[in-house]
Amino acid sequence: MIIKLKKLNKKLISKNYVDWMNNYEITKYLDQHNKKHTITSVTKYVEDINKSKNDFLFGIFVKKTNKYFHAGNIKLGRVNNIHKTGMISLFVGNIDFHNKNIGSTAISKICKIAKNKGLYKVYAGCHKSNIASQKAFLKNSFFKDGVQKKHATVGKKREDFIWYGLFLDK
Ligand SMILES: CC(C)(COP(=O)(O)OP(=O)(O)OC[C@H]1O[C@@H](n2cnc3c(N)ncnc32)[C@H](O)[C@@H]1OP(=O)(O)O)[C@@H](O)C(=O)NCCC(=O)NCCS
């Protein structure tokens, strides 16, 4: 799959995007599942992030029959210009697109963006049961950077939160 990352703006917000945010299967590992999302709320989210100097949000666009389709989002957030670090979070909204290397490729691309911004290290947190996410970071040479015991919930279940890190100086 060929993908590109594109900065999101109001024009790129679709009903599909809002539907992904209201789909528990997509958001159960994100801090977004306890809200009802609408075009208005998603637009506000995107516009607020675009005003931020520490968060950079991109749509993941997948090439299909010579056109690019919005398939999910990836964010380089919490950029700390003192420590030169940033946190990566992502989702692929269309479940038919899962396990097709899209998440991993998006991570690889955002690491390059982070490096070009002069960051030294990027990191990401994953619920212990979120195997797909952990694999996507491990495929990009991230290392296990620590475990917060029973730090997160999925539904009613409490579980460990595992941090992954990658140095960008190589
Ligand atoms: C996490 C997520 C972004 C990964 O994106 P993706 O495009 O499906 O990821 P990739 O295809 O690049 O890699 C996933 C890997 O996990 C593997 N995998 C997926 N589910 C698995 C499971 N239950 N057990 C074992 N391996 C599994 C896939 O086979 C693939 O590995 P492979 O390439 O070695 O075969 C996507 O699953 C998603 O959006 N999930 C919902 C939101 C989310 O969890 N976001 C991350 C929060 S930290």
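Using only the Cα atoms of the range 1-149, build the gyration tensor, take square roots of its eigenvalues as a ≥ b ≥ c, and label the shape rounded, prolate or oblate: rounded if a/c is under 1.5, else prolate if a/b is larger than b/c, else oblate.
Details: a/c = 1.30, a/b = 1.22, b/c = 1.07.
Rounded shape, in that the Cα axes give a/c under 1.5.
Which ordering of 126, 111 is given by a fewest-first count of other beta-carbon atoms within 10 Å?
Fewest-to-most ranking of 126, 111: 111, 126.
Around residue 159, which amide H atoms from residues at least 5 apart in sequence, or from another chain, sit under 5 Å from its own amide H, with H modelled in the peptide plane?
Under 5 Å from the amide H of residue 159: 151, 152, 153, 154.
Residues in the range 56-95 near a label at residue 151, defined as backbone nitrogen under 14 Å from the 7 Å Cα→Cβ point?
Output list for this probe position: 87-88.
Beyond 20 Å between alpha-carbons counts as too far, so tell me which of 15/44; 15/157; 4/63; 53/100; 6/112 fall in that bin. All intermediate terms of the calculation are to be shown ahead of the outcome.
Values: 15/44 15 Å; 15/157 30 Å; 4/63 8 Å; 53/100 32 Å; 6/112 14 Å.
In this structure, 15/157; 53/100 exceed 20 Å between Cα atoms.
Tell me the net charge near residue 40. Cut-off is 13 Å between Cβ atoms, residue 40 excluded, with +1 for each Lys or Arg and -1 for each Asp or Glu.
On the way: positive: 10, 15, 35, 36, 44; negative: 47, 48.
In short, +3.
Using amide H atoms built 1.01 Å from N in the peptide plane, name the residues 5+ places from residue 168, or on other chains, whose amide H lies under 5 Å from its own.
Those lying under 5 Å, H to H, from residue 168 are 121, 122.
Students often get this wrong: which residues of the range 1-20 have the backbone nitrogen under 19 Å from the point 7 angstrom along Cα-to-C-beta of residue 101?
So the set is 1-5.
Between residue 120 and residue 2, what is 0.36 nm times their sequence separation minus the Cα-Cα distance? Round to one decimal in nm.
On the way: separation 118, 0.36 × 118 = 42.48 nm, distance 2.71 nm.
Length gained, residue 120 through residue 2: 39.8 nm.
Run the numbers on the chain and let me know its relative contact order in percent, using alpha-carbon pairs under 8 Å that are six or more apart. Don't skip to the end; give the middle numbers.
Numbers: 301 pairs, mean separation 31.4, N = 170.
Across the chain, relative contact order equals 18 percent.
Nothing charged except the Cβ atoms of Lys and Arg (+1) and of Asp and Glu (-1): what's the magnitude of the dipole of the range 67-155 about its Cα centre? Round to the nearest 20 debye.
Numbers: 16 positive and 2 negative charges, 46 e Å.
For this selection, approximately 220 debye.
Please give the contour-minus-distance gain from residue 78 to residue 35: 0.36 nm per residue of separation, less the Cα-Cα distance, rounded to one decimal in nm. If you can, show how the numbers build up before the last one.
Values: separation 43, 0.36 × 43 = 15.48 nm, distance 2.18 nm.
Once the chain is fully extended between residue 78 and residue 35, it gains 13.3 nm.
I want the local charge near residue 60. Using Cβ-Cβ distances under 10 Å, sum +1 for each Lys or Arg and -1 for each Asp or Glu among the other residues.
Details: positive: 4, 6, 109; negative: none.
Summing Lys and Arg as +1 and Asp and Glu as -1 gives +3.
All of the numbers you see were taken from the coordinates with simple rules; none came from a lab. These figures come from a predicted structure and were not determined experimentally. Because the Cβ atoms are built from the backbone with ideal geometry, glycine has one as well, and the counts that use them run over all protein chains shown.
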